Amino acid sequence: MSTQHPPTYQQVTGTPSSEQHAASGQETLVLDGRTIISAQEPFHVLYELNTSPCDAITRACDLHKVRYQLSRADGEGQVRNRLDHIYSFKEKSTFSLRDLRKHVLIEGKTSQKRTYKETLLSSGTTGWTSCTADGHFTARIPITDRLKSSSQIVWKSPDGTTAALEARPKRRADGSLTGLAQLNVEAPLKAKDLDLLVACWMARLWRESKARLDEQLPSHKSNARLKMAAEANPLDRLTISLNQTRTSPPTVRVTVTNENDGPVTIILYNSPLDSIALVLGIMSITPDGAAEPLELRTMRASRVWPPGPYSLEGLGPGASATNDLVLREPTVPMDKLGKKATVFLQGRWMGVFARAEDKISRDDLENIASQPDAFQGEFKSKSIQIING
């Protein structure tokens, strides 16, 4: 996967954060694994998902928008970014003899000014090559193109104008994709409508991929596979504890303990055990008496994928691993820290396998989304009070 860079200084200074990202028309969005980029600016990541929708191994998906803004420090401008959870989507179970369509519920996760609260995406009667988001968009393959193997899906606005053209990659015999899914945005759209269009696109891909998997596995085997995976989920029994080991400079020791009955292997990227965890912004630091946490100088790291052996941490049952996080400039504005502060960690596990490290191959890491015992999810530690100096 190519190295990802934020937009230029000029792009950020000229675009209010509330308007990022609107479409002016004639833009191509490309789904690359879990990230959505602009074909016109391939180093500009626009959206991220918690899992690849084309693999459809989760019961729900989260869509995040990458928001860029300019911060100033020491008289200089610095482009920073954060992930904004805008939509989640999951299958909605309904049964009616009058309506045999399948449904996906798309839920807005921000204010109604920025996202739509609830949108029901419904399949066509013959599957997910056509679908409707009532009051917003419809998608279908034109009748004249339905016999073509490389046919596009046309997304239309309520007034009948073409909003976007979806290019569907073919699948090989083994189920892998021959290319990347693309959405060519044809019409100018406000940021709120573009975000919903992207959510509908991702939901359609996810549900279409899920239908393909359901056809390959008998229902009882599919349910057994999901049940087995759920029972093997090790995230709830990975505990994170914090304690202060030094006061000058303030040093917080993070301890991750495997309380599962079996071994786990943690991908260190963006985890509490990541050596650059503080710089990645997963620690919240609130000075004593302050109403809000400090604004840290963070960065977005470009990582090699698949991760090598030094980027994995294997833990047997009851075993622990530690990571010392030192609070210092330039990441932490020490002049604003004060004598006491409350800290905790919060973020997302990029990947945790419910198996020993020596049982994981490079191919398993390369195709982590298809591994039934690989999990992603949120983490949050309890808070502690630290002393400065």
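Here, each number is a calculation from the coordinates, and none is a lab measurement. As the structure is a computational prediction, the values presented were derived from the model and not from experiment. Glycine gets a Cβ as well: all are built from the backbone with ideal geometry, and neighbour counts include every protein chain shown.
Note on K102: aspartates and glutamates with a C-alpha under 18 Å away, same-chain residues under 8 apart excluded, are E91, E118, D134, E208, D214, E215.
When peptides 366-374, 252-260, 296-304 are ranked by their average number of other Cβ atoms within 10 Å per residue, the highest-first order is 252-260, 366-374, 296-304. Taking the number of Cβ atoms within 10 Å of each Cβ as an exposure proxy, the fewest-first ranking of V154, V343, V332, V326 is V326, V154, V343, V332. If you take all other residues with their beta carbon under 9 Å from the beta carbon of I153, and give Lys and Arg +1 and Asp and Glu -1, the sum is +2. With a cut-off of 12 Å between beta carbons, the residues surrounding N323 carry a summed charge of -2, where Lys and Arg count +1 and Asp and Glu -1. A simple count of charges around A133, restricted to other residues whose Cβ falls under 14 Å of its Cβ and scoring Lys, Arg +1 and Asp, Glu -1, yields +3. How far is the Cα center of segment 235-270 from the Cα center of segment 168-205, in Å? Using only Cα atoms to place each centre, the spacing works out to 37 Å. The ranking of K170, K65 by Cβ neighbour count inside 10 Å, starting from the fewest, reads K170, K65.
For a straight C-alpha distance cut-off of 26 angstrom, the lysines reachable from K336 (same-chain residues fewer than eight places away being disregarded) are K380, K382. Taking amide hydrogens as placed 1.01 Å from N in the peptide plane, the amide H of T51 sits under 5 Å from those of D62, each at least 5 positions away in sequence or on another chain. Which lysines does K192 reach when only Cα atoms under 24 Å apart count, and residues fewer than 8 places away in its own chain are ignored? By straight Cα distance, K192 reaches K65, K90, K92, K109, K113, K117, K156. Taking other Cβ atoms within 10 Å as a rough exposure proxy, L235, L183, L365 sort from fewest to most as L235, L365, L183.
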